[in-house]
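Read through the structure below, which is laid out as structure tokens, and then see the notes.
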Amino acid sequence: MTGREKIEAALRPDGSPEFAAVTCYQGLFLRDHWEQATDAPWWARSDPDPERAARPWVEMVQRTDEDWFPVCAGADRATRAQVVIATEGDVAWRVNRHTGEREVLRRPPIGGDQPAPGQVALGTQVRTRDELEAALDAVYGPRPEVWSPPADGSLDLPQVLLRELGDHRMPIAHVPAPWWWSHALWGYEGLMTRTAETPELVHQACERLLDHARHLVQRATAMGAGLIWIEDCLSDMISPGACRDFRDRKSTRLNSSHMP
């Protein structure tokens with residue numbers, strides 16, 4: 001069985017006779033084990049060229065021999081016509097070849113960037129529905145509109161990944177569940193407090209973030225994803241009643257609309 005066949009079989013009632021081998025967060029693995037995962041330079045993921053941007057992902061999956069791989073959008077054709085990567089030793093810049101503007105690229109540290117001490121989540125002071133809408137706009141962007149696959153070349157990168165890896169492996173994408181996603185607005189303490197004391201505000205945030213999640217699913221489908229990993233963290237830390245309330249509200253919302 002191919003890796004994709006193993007995963008597809010595992011999601012059926014009869015299950016799979018063979019296990020698929022996968023890692024959870026390939027982007028983190030690639031960040032923290034770059035030299036072991038690929039021979040590409042560390043700035044390759046920022047390269048506008050889809051072939052060069054795909055190289056570290058392809059080499060990592062081939063070396064780990066895992067059975068799925070992530071799909072992600074790349075630079076559009078207009079960006080590729082204007083921007084190139086320039087290097088000098090270990091220093092890299094994104095250079096606009098028309099204007100000469102240079103943006104230095106920074107290699108992310110192992111373990112990722114950590115929040116500054118005392119950093120306060122934006123939603124800490126949110127008390128009203130209007131304040132919440134403004135905070136949601138600031139953190140997540142405006143409410144998404146109806147989405148259709150772009151013809152600007154930004155899907156060229158996932159096409160390269162599908163060409164190189166898609167014959168035997170499952171293309172996947174990650175989408176956060178709305179309640180967990182609102183953690184970025186309130187932080188851990190704020191989300192727990194809001195869920196217990198002002199659940200109506202959390203429900204409002206989840207309604208909005210469900211639209212964003214649906215938008216991500218549509219994008220992932222256009223990029224060729226055959227499987228969506230729904231990230232749902234911390235929901236085991238709230239009461240069963242609160243969890244059922246959020247579940248029922250989301251189910252009602254999903255049943256009243258249709259996913260394209």
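The values are calculated or read from the model by the stated rules, or taken from the named source; none is laboratory data. Fair warning: this is a prediction, and the values are worked out from it, not measured in the lab. With ideal geometry, Cβ positions are generated from the backbone for all residues, glycine too; neighbour counts draw on all protein chains shown. The protein model used for the area step is the full one, side chains on, heavy atoms only, and it has no ligands, DNA or RNA in it. Shrake-Rupley method; radii C 1.70, N 1.55, O 1.52, S 1.80 Å.
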| So which GluC sites (Glu not before Pro) in the stretch 131-169 pass both tests, a DSSP loop state and at most 11 other Cβ atoms within 10 Å of the Cβ? | GLU145
| field | Dipole moment magnitude, nearest 20 debye, the chain about Cα centre, only Lys, Arg, Asp, Glu C-beta charged | value | 380 debye
| task | Any chance you could give the angle, 0 to 90 degrees and rounded to 10, that helix 156-165 forms with the longest Cα principal axis of the chain? | result | 80 degrees
| request: Using DSSP to define loop residues, name the GluC sites (Glu not before Pro) in the stretch 1-44 whose beta-carbon has at most 14 other beta-carbon atoms within 10 Å. | output: GLU18
| message | To check you understand DSSP bridge types, tell me what percent of the beta bridges within the chain (both residues inside) are antiparallel, rounded to 5. | response | 55 percent
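From the square roots a ≥ b ≥ c of the eigenvalues of the alpha-carbon gyration tensor of the chain, which class results: rounded (a/c under 1.5), prolate (a/b over b/c), or oblate?
Verdict is oblate for the chain.
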| request: Towards the positive end of the charge dipole of the chain, with charges on Cβ (+1 Lys, Arg; -1 Asp, Glu), say which of ALA151, ALA173, CYS72 has the farthest Cα. | output: ALA151
| said: Using a 1.4 Å probe on the protein heavy atoms, what percent of the accessible area of the chain belongs to carbon and sulfur? | reply: 52 percent
| request: Quick one: which residues, 5 or more positions from LEU105 or on another chain, have an amide H under 5 Å from its amide H? H modelled 1.01 Å from N in the peptide plane, none for Pro or chain starts. | output: ALA92, TRP93, ARG94
| note | With Rh as the Kirkwood radius over Cα pairs, the stretch 121-212 has Rg/Rh of 1.13
| How high is the relative contact order of the stretch 73-201, given as a whole-number percent (alpha carbon pairs under 8 Å, six or more residues apart)? | 29 percent
| note | accessible surface per residue for the chain, probe 1.4 Å, DNA/RNA/ligands not counted, whole Å² -> 57 Å²
| Separation between the GLN62 and ARG244 pseudo-spin-labels, each 7 Å from Cα along Cα→Cβ, expressed in nm? | 5.3 nm
| message | How far apart, in nanometres, would the label points at THR79 and GLU8 be if each is projected 7 angstrom from Cα along the Cα-to-Cβ direction? | response | 3.2 nm
| field | Selected from GLN26, GLN159, GLN125 as most flexible by GNM, with the chain as the system and alpha-carbon contacts under 10 Å | value | GLN125
| Inter-centroid distance (Cα atoms) of the stretch 15-38 relative to the stretch 78-110, Å | 28 Å
| Once fully extended, how much extra length lies between GLU101 and MET192, figured as 0.36 nm per residue of separation less the alpha-carbon to alpha-carbon distance? | 28.3 nm
| request: Quick one: what are the phi-derived ³J(HN,Hα) couplings along the stretch 62-67, Karplus 6.51/-1.76/1.60 with θ = phi - 60°, whole Hz, x for glycine and proline? | output: 5, 6, 7, 6, 7, 9
| Does anyone have the angle between helix 183-197 and the longest principal axis of the chain? Alpha-carbon axes, 0 to 90°, nearest 10? | 10 degrees
